[in-house]
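The values are calculated or read from the model by the stated rules, or taken from the named source; none is laboratory data. Remember, predicted model here, so these are calculated numbers, not experimental data. Because the Cβ atoms are built from the backbone with ideal geometry, glycine has one as well, and the counts that use them run over all protein chains shown.
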Amino acid sequence: MAPSRADWRSRVLTEVDASADELAALVGGLVRIPSLTGSDAEHDLLGHLATRLLTDGLEVDHWQIDLATAYADVGFPGIEAPRTQAWGLVGHLPGRGQGPSLLLSSHVDVVPPGDPRTWSGPDPFDGALSGGSVHGRGACDMKGGLAATLIAVRALVRARAPLRGDLLIAGVEGEEDGGLGTFATLARGWRADACVIPEPTGLDLVPANAGALTFRLEVAGQAAHASRRDLGVSAVDMLSPILGALAALEARRNADVDPLMSRWPIAYPISVGVVRAGDWTSTVPDLLVAEGRMGVALNEPVEDARAALESAVALACAQDPWLREHPVGVQWWGGQFGPGRLPPGAPLLAAVGRAHAGVGGGPQEVYGVPYGSDLRLMVGAGVPTVHYGPGDGGLAHGPDESVPVAEVLTCARALAVLAVEHCGT
Ligand SMILES: [Zn+2]
């Protein structure tokens with residue numbers, strides 16, 4: 001008698017569990033490749049993954065992205081890290097036909113570790129295992145999730161699960177500074193009937209994310225000797241009314257948010273992250289440049305969000321005698337993440353929830369997240385997508401980032417079962 005769907009589920013789970021002992025080493029090894037956005041190590045990691053997928057018996061598309069063509073596209077999502085090259089990677093396990101395809105996609109890039117002294121351990125990239133978690137920059141964002149997809153795919157291959165639909169696994173570069181890798185993967189023609197991006201959700205279900213727009217403000221002052229600062233206008237002082245206007249704008253934009261976002265104290269933050277001003281301590285500064293990011297609400301057109309910030313800044317300028325004559329310039333550059341949302345009623349959300357529950361996962365919540373991600377590019381291209389992955393997203397981009405190995409294992413089990421159920425046998 002041919003094995004039933006339930007038989008295949010248990011066979012792939014047996015294969016996943018056979019890899020359980022290697023999981024911490026796998027995640028640790030991925031963390032030890034310091035794949036900072038825009039660095040050579042980003043490409044090294046992708047090459048390492050390509051080799052692994054080939055070894056696993058997948059068809060592998062590992063291509064160099066034509067950056068000039070990508071940058072020239074009107075839909076290009078932007079970059080912040082300078083690049084001379086970028087690569088794409090899709091592993092493909094062809095199905096037997098007549099089944100829906102599934103894509104498991106992870107970004108391979110990480111953000112810089114910040115001041116190493118703020119980390120408990122000696123090296124933010126040591127990938128050490130302690131307390132049941134792997135530690136290091138990128139552990140939860142998102143090498144734990146990446147490892148879960150690698151384990152799930154290997155288990156499906158080893159179990160010889162006869163999937164009807166295609167199974168795809170992607171590694172993408174440049175997510176942290178805009179979404180270059182996913183943009184290029186879609187531009188190359190890769191599509192699927194469903195996609196899971198295992199960003200760190202603590203194994204909750206995330207069908208939506210806010211957008212994030214990087215902006216730059218140029219505030220003019222009037223230089224003078226600091227001993228006669230009465231003769232000048234400090235660009236630093238002139239930032240104050242602008243910061244006040246941004247805070248008021250943020251409050252207005254968060255007064256009434258979509259229920260999917262209501263769990264967050266500030267669903268759509270506006271935050272200035274970089275300020276540069278002045279060139280001499282005894283000179284009143286005549287220029288200040290401030291750079292930050294603005295959250296975009298679910299379903300809000302990016303143009304509307306930009307217009308809201310521009311008009312708040314313009315209004316603040318109109319109320320100040322100096323700024324009225326020297327209005328603050330607003331530029332949009334770098335990462336330009338629109339919001340994204342799985343269409344309500346799409347069956348993928350419940351399917352991932354069933355797979356999670358079916359492998360003994362705990363209770364799940366469903367909500368949107370306040371950060372930009374590749375979900376919006378996938379959904380925008382017609383690929384239903386959810387985030388479901390191991391680790392606490394609150395640890396991402398901070399010191400002492402980590403991911404619990406047990407959550408990586410649960411995620412791998414759920415993704416393997418999801419493939420069996422979604423692609424069909
Ligand atoms: Zn991430």
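Restricted to the stretch 329-365, and to residues there that are closer than 27 Å to GLU218 by Cβ and hydrophobic (A, V, I, L, M, F, W, C), the residue that is nearest to the ligand (Cβ to nearest atom) is PHE337. A Cβ distance below 9 Å, combined with a sequence gap of six or more or placement on separate chains, defines the contacts here; from the stretch 286-309, residues that are on the phi > 0 side of the Ramachandran plot and touching a residue at least 24 places away in the same chain (Cβ under 8 Å) reach no residue that is buried (at least 17 other Cβ atoms within 10 Å of the Cβ) and among the polar types (S, T, N, Q). Scanning for something among the hydroxyl-bearing types (Ser, Thr, Tyr) and within 23 Å of the chain's Cα centre (by Cα), does the stretch 76-84 turn up at least one residue? Yes, that holds for at least one residue.
Pick from the stretch 90-112 the residues that are under 14 Å from VAL31 (Cβ atoms) and aliphatic (A, V, I, L, M): which of them is surrounded by the fewest Cβ atoms within 10 Å (Cβ to Cβ)? This residue is VAL111.
Residues are listed down the side, and each one gets a yes or a no for (1) more than 16 Å from the ligand (Cβ to nearest atom); (2) among the polar types (S, T, N, Q); (3) touching a helix residue (DSSP H, G or I) at 6+ places or on another chain (Cβ under 6 Å); (4) under 30 Å from GLY398 (Cβ atoms):
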residue	(1), (2), (3), (4)
ASP61	yes, no, no, no
ASP66	yes, no, no, no
ASP73	yes, no, no, no
PRO77	no, no, yes, yes
GLN85	yes, yes, no, yes
LEU93	yes, no, no, no
SER120	yes, yes, no, yes
GLY136	no, no, yes, yes
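Considering each of ALA351, ALA414, ALA381 in turn, give the residue that is crowded, with 17+ Cβ neighbours inside 10 Å, touching a helix residue (DSSP H, G or I) at 6+ places or on another chain (Cβ under 9 Å) and within 30 Å of PRO34 (Cβ to Cβ). It is ALA414. Of all residue pairs spaced 6 or more apart or on separate chains, those with beta-carbon atoms under 6 Å, a first member in the stretch 89-110 that is under 18 Å from GLY47 (Cα atoms) and a second member that is within 16 Å of the ligand (Cβ to nearest atom) and polar (S, T, N, Q) are LEU104/THR149; SER106/THR149; VAL108/SER35; ASP109/SER35; ASP109/THR37; VAL110/SER35. SER120: among the polar types (S, T, N, Q) and modelled with pLDDT under 95, yes or no? When the stated conditions are applied, SER120 passes them. Is it the case, given these coordinates, that GLY368 is under 21 Å from ALA267 (Cβ atoms) and more than 13 Å from the ligand (Cβ to nearest atom)? Yes; evaluated as a whole, the condition is true for this residue.
In the stretch 98-113, the residue that is farthest from TRP190 (Cα to Cα) out of those that are within 16 Å of the ligand (Cβ to nearest atom) and assigned to a loop (DSSP other than H, G, I, E, B) is PRO113. Among residues of the stretch 72-87 that are closer than 19 Å to GLY380 by Cβ, those with a beta-carbon under 8 Å from a residue that is surrounded by 19 or more Cβ atoms within 10 Å (Cβ to Cβ) and among the hydroxyl-bearing types (Ser, Thr, Tyr) at least six positions away or on a different chain give the pairs GLY78/THR214. Residue count for the stretch 150-177 satisfying the condition of being more than 16 Å from the ligand (Cβ to nearest atom) and either at pLDDT below 95 or not in a helix (DSSP H, G or I) (or both): 11.
Counting only strands (runs of 3 or more DSSP E) that sit wholly inside the stretch 178-291, those with at least 1 residues that are within 16 Å of the ligand (Cβ to nearest atom) and in contact with a strand residue (DSSP E or B) (Cβ under 9 Å, 6 or more places away or on another chain) are 195-197, 205-209, 211-220.
Among the numbered conditions (1) surrounded by 15 or more Cβ atoms within 10 Å (Cβ to Cβ); (2) at positive phi, the only one that GLY132 does not meet is (1). For the stretch 1-22, the tally of residues that are farther than 22 Å from LEU129 by Cβ and buried (at least 18 other Cβ atoms within 10 Å of the Cβ) stands at 6.
Checked against the criterion of being modelled with pLDDT of 95 or more, aliphatic (A, V, I, L, M), within 16 Å of the ligand (Cβ to nearest atom) and closer than 24 Å to GLY372 by Cβ, the candidates ALA147, ALA81 yield just one match: ALA147.
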